[in-house]
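Student: Quick one: the structure is below, and I'll ask about it shortly.
The values are calculated or read from the model by the stated rules, or taken from the named source; none is laboratory data. Computed from a predicted structure; not experimentally measured. Virtual Cβ from ideal backbone geometry, glycine too; neighbours counted across all protein chains shown. Surface accessibility is based on the protein's heavy atoms, side chains included, excluding ligands, DNA and RNA. Shrake-Rupley method; radii C 1.70, N 1.55, O 1.52, S 1.80 Å.
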Amino acid sequence: MTLRPTDRPSTARGDDDRREPIDEAGDGTGPGPRDEDGESWTGGRPDAGGLPDSTASAGPSVPGADRFVSAVAVDGEVLFAGPSVPAVLGVERASLAGENLLDRVHPNDREPVSDALSAVATDRVVTHRLRHANGGFVWVESVVDEELAPEFGGRVVTARRVDSESAFPERFREFLEYGTDLVTVVDGDGRVRYESPSVEEVLGYEQGSTVGRSPLGYVHPDDRERVTERFYRALNDSDATPTMEYRYRTADGDWVWLESRTRSLPADAAVGRLLINSRDVSERKARERRLTDRNERLDRFASIVSHDLRNPLSVIRASMEMAQLKGETEPLERGERAVDRIDQLVSELLTLARQGSGIDEPTEFALGAVAREAWDTAGSADARLVVGADARVRGDRGRLQQAFENLFRNATEHAAQGGAGGGDAHATDGGEDAPLTVVVTATDEGFLVADDGPGIDPAHREEVFDPGFTTREDGTGYGLDIVREVVESHGWTVDLRGDDADPASPDDVRVPDGACFVVRAPDPDAADTGEPWIDG
């Protein structure tokens, strides 16, 4: 665990800095700066010969030294390196002098260090990482002089190594190390000063990798405005303790839902300004979405039952009364048709009500086999099924079969009655009595279902998947809605074939010119682990 407290103000220098104020006149008459060993620094830049020779090999490191003094130009060039450099960084003074200090700073910490050197930042105390000779990084707290030292043309920087293990009592350190909640401390500028080790488990980031950055940059764009307003309100108002739920980007580029509670720290707290406790609530949000989806389906079911079933029930009642009065059988036939429609409505509405928003236990199966099974159930004796290229599918076999059954019924029923939105009766080059052909074939992006019927009226293309939309008097309008729900529950998409280009299909498979429904899905390499895919 690494905690990086700031235990002194940026303008303060304790006696343990072991150096005198710089002679601001630059004429050598006042007390000059002194290094860690008390040796006086006189003269100008290193190339003027006035400084101790920083290019010479450093002698033995100072026993127990935990800091070093350096003079650094605004652009980061090290003008002077003190004798304690080997003790802190494990490198010779000669190798540090002339080097760009920012190249040695951890990439995630360079911006605040650069700001302090160039006078952009008001805070002259920066906690950051410096690369050690062993290839790792050490945490240091650097105090940057506000004024340029005229002797060097740069700023005097005192870097003190931070002892993170003693920053917290042991019981709090263990709590942060093994706790599942993410603890974040931000400073007055809204930048991360500390994140607990659980950041690796919750978000996948290496601990310390986000230090020095604003957490708002990781918030989902749709949530950022709302979170930003509450974040800065908590930062500026010590009495504000907002609780927020929002999406946050992980190291893998995915999004998780976090619930964060903020609390202002005391004004004199050395560690930062704001404490944020966050936990991953993605599973809870998923349950809430499933519950919302189910409630919406039940509301739709209730609306349909109360509206769409009343018409056929009225027909049945009127037909029965007419038959009783006239002793005729024709009204009874009308009633029988109404009963058939009620039966179909109930079946499709139950299917919609039972649909879920996701796939619980996907399995692998062959696309062609499911299509043939669906045709055995919903196909017509006056039509034929052609299965082109096959594909391996990972998904819910039963629900995909439901989608095929509804697509097949849509094709055969509209072909018999002139197409969706009206059109000529089904006819092919073989004559009006030629059987309808329905083609199922894998494509480069998934699969398609097409027929050589009259197709879909262009005026209705935008609404064919809408619940309850139908152009048939005895249609329910929920067949294609079921198809859409099944496909989207897999995380796929379904659309009509575009007007400008056909979907890519095998060369030896002829795609008919009638209605064509195109399903697009990721292949196994592009799908997330365990998610549904189609491998054509």
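Student: Grab the Cα-Cα distance for S314 and R279, subtract it from 0.36 nm times how many residues apart they are, and report the gain in nm with one decimal. It would help to have the intermediate numbers written out before the result.
Tutor: Numbers: separation 35, 0.36 × 35 = 12.60 nm, distance 5.54 nm.
Length gained between S314 and R279: 7.1 nm.
Student: Expected output is a single nm value to one decimal: the length gained when fully extending between E245 and A434, i.e. 0.36 nm times separation in residues minus the C-alpha distance. What is it?
Tutor: Numbers: separation 189, 0.36 × 189 = 68.04 nm, distance 5.98 nm.
Length gained, E245 through A434: 62.1 nm.
Student: When the solvent-accessible surface of protein heavy atoms is calculated with a 1.4 angstrom probe, in what order do D523, D181, D239 fall, highest first? Display every interim value, and only then the final one.
Tutor: Values: D523 70, D181 50, D239 130 Å².
Reading off the accessible areas and sorting them downward yields D239, D523, D181.
Student: Round to the nearest 10 and report in Å² the accessible area of E413, as given by a 1.4 Å probe over the protein chains' heavy atoms.
Tutor: So the heavy atoms of E413 present about 50 Å² to solvent.
Student: Label points 7 Å out from Cα along the Cβ direction at D103 and E364: separation in nm?
Tutor: That separation, rounded to one decimal, is 5.1 nm.
Student: Peptides 202-208, 107-113: what's the order by average Cβ count within 10 Å, highest mean first? Show your work: numbers first, answer last.
Tutor: Values: 202-208: 17.1, 107-113: 19.6.
In decreasing order of mean packing, 202-208, 107-113 become 107-113, 202-208.
Student: When only the heavy atoms of the protein chains count and the probe is 1.4 Å, how do D396, D535, D444, D299 rank by accessible area, highest first? Provide the component values of the computation, followed by the final result.
Tutor: Details: D396 45, D535 70, D444 130, D299 105 Å².
So the residues, ranked largest to smallest area, are D444, D299, D535, D396.
Student: At 1.4 Å probe size, put M320, M244 in order of accessible surface, largest to smallest.
Tutor: Values: M320 95, M244 5 Å².
Descending accessible area places them as M320, M244.
Student: May I ask you to compute the full-extension gain from E336 to R294, defined as 0.36 nm times their residue separation minus their alpha-carbon distance, rounded to one decimal in nm?
Tutor: Values: separation 42, 0.36 × 42 = 15.12 nm, distance 3.26 nm.
Extra length available between E336 and R294 comes to 11.9 nm.
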